[in-house]
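Notes follow once the structure below has been shown.
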Amino acid sequence: MTDIRTPRLVLRRWLDDDLVPLSEIHADPVVMQRIGDGTPRSPEQTAQDIETWEEEWDEEGFGMFAVELLGSGELAGAVGLSVADAPAEIAGQVAISWRLGRVFWGQGYASEAAHATLEFALQDRGLDRVVAACRTDDSASANVLGKLGMEPEGAAQHPVHGHDLTVYGIDLTQYEG
């Protein structure tokens, strides 16, 4: 797989040098408050995340990309695709998600990276549909999903953490690139 370049970013597979900067992102409680149970992740957990993401690349042909700033080479976070295991409304479908370091918020990086990832999913990988689930109180993520052309399709609740979620989806026939 080749890297994906956008005007300001490179989306690529993970490198050993990414562990420390991603661990710093994962240690930020504000970044992690809407991911999983909201608990910051340790460097060991982050290493396991990267290993899991790389395995998914090998098994599925897609996964989470490292998001690197084109100019500086700085790791901004992660964006990508995974087979959702929860909530039940999207389990087994390919979902898009992201997490960026707080210093990178509000600059359009999430939208830019997510758009390139959605295009990769629907055009390069030939998927017919991509879904997402975001907390109902996460207006920033909902805004990014809207920019992608993803439509709210219903409500759900996370089976483990109990969060209220909005489920989004987009079919290839709806995608306007």
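The values are calculated or read from the model by the stated rules, or taken from the named source; none is laboratory data. Please read all numbers here as calculations on a predicted model, not as lab measurements. Every residue, glycine among them, receives a Cβ derived from its backbone with ideal geometry; neighbour counts consider all protein chains shown. When the accessible area is computed, the model is the full protein with side chains, heavy atoms only, and any ligands, DNA or RNA have been set aside. Shrake-Rupley method; radii C 1.70, N 1.55, O 1.52, S 1.80 Å.
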* **Candidates per GluC sites (Glu not before Pro) in region 66-110, loop by DSSP, up to 14 other Cβ within 10 Å** => E74
* If the label point is 7 Å along Cα→Cβ of L70, which residues in region 141-166 have backbone nitrogen under 18 Å from it? -> none
* Over region 1-122, what is the relative contact order in whole percent, taking alpha-carbon pairs under 8 Å and six or more residues apart? -> 24 percent
* To do: Leaving out ligands and nucleic acids, note down the accessible area per residue over the chain with a 1.4 angstrom probe, in whole Å².
  => 49 Å²
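According to the square roots a ≥ b ≥ c of the eigenvalues of the Cα gyration tensor, what is the shape class of region 12-113, taking rounded for a/c under 1.5, prolate for a/b larger than b/c otherwise, and oblate for the remainder? Numbers along the way, then the final one.
Working: a/c = 1.37, a/b = 1.27, b/c = 1.08.
In terms of gyration-tensor shape, rounded.
Quick check for me: using +1 on Lys/Arg Cβ and -1 on Asp/Glu Cβ, what's the dipole size of region 53-113 about its Cα centre, in debye to the nearest 20?
Values: 2 positive and 11 negative charges, 91 e Å.
Dipole about the Cα centre, nearest 20: 440 debye.
Counting Lys +1, Arg +1, Asp -1, Glu -1, what net charge surrounds G126 among other residues with beta carbon under 15 Å of its beta carbon?
Working: positive: R125, R129; negative: E60, E119, D124, D128, D171.
Summing Lys/Arg as +1 and Asp/Glu as -1 gives -3.
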* What is the sum of charges around Q157, taking Lys and Arg as +1, Asp and Glu as -1, for the other residues whose C-beta is under 12 Å from the C-beta of Q157? -> -1
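Treat the chain as a sphere of radius equal to its Kirkwood radius over Cα pairs and apply Stokes-Einstein at 10 °C in a medium of 1.306 mPa s; give the translational diffusion coefficient in µm²/s, rounded to a whole number. List each step's numbers first, then the result.
Working: Rh = 16.3 Å.
Reported coefficient: 98 µm²/s.
If the chain between S139 and E55 were fully stretched, how many nm would it gain, using 0.36 nm times the residue separation less the Cα-Cα distance?
27.1 nm
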* To do: Note down the nm distance, to one decimal, between modelled labels 7 Å out along Cα→Cβ at I35 and at T6.
  => 1.6 nm
* To do: Starting from the eigenvalues of the Cα gyration tensor, five times each then square-rooted, give me the equivalent ellipsoid semi-axes of region 103-167, largest first, whole Å.
  => 21, 17, 10
* Of A121, T136, P159, which is farthest along the charge dipole of region 120-169 in the positive direction, counting Lys and Arg as +1 and Asp and Glu as -1 at C-beta? -> A121
* To do: Under 1.5 on a/c is rounded, so check that first for region 1-63, then, if it is not, pick prolate when a/b is larger than b/c and oblate when it is not; a ≥ b ≥ c are the square roots of the alpha carbon gyration tensor eigenvalues.
  => prolate
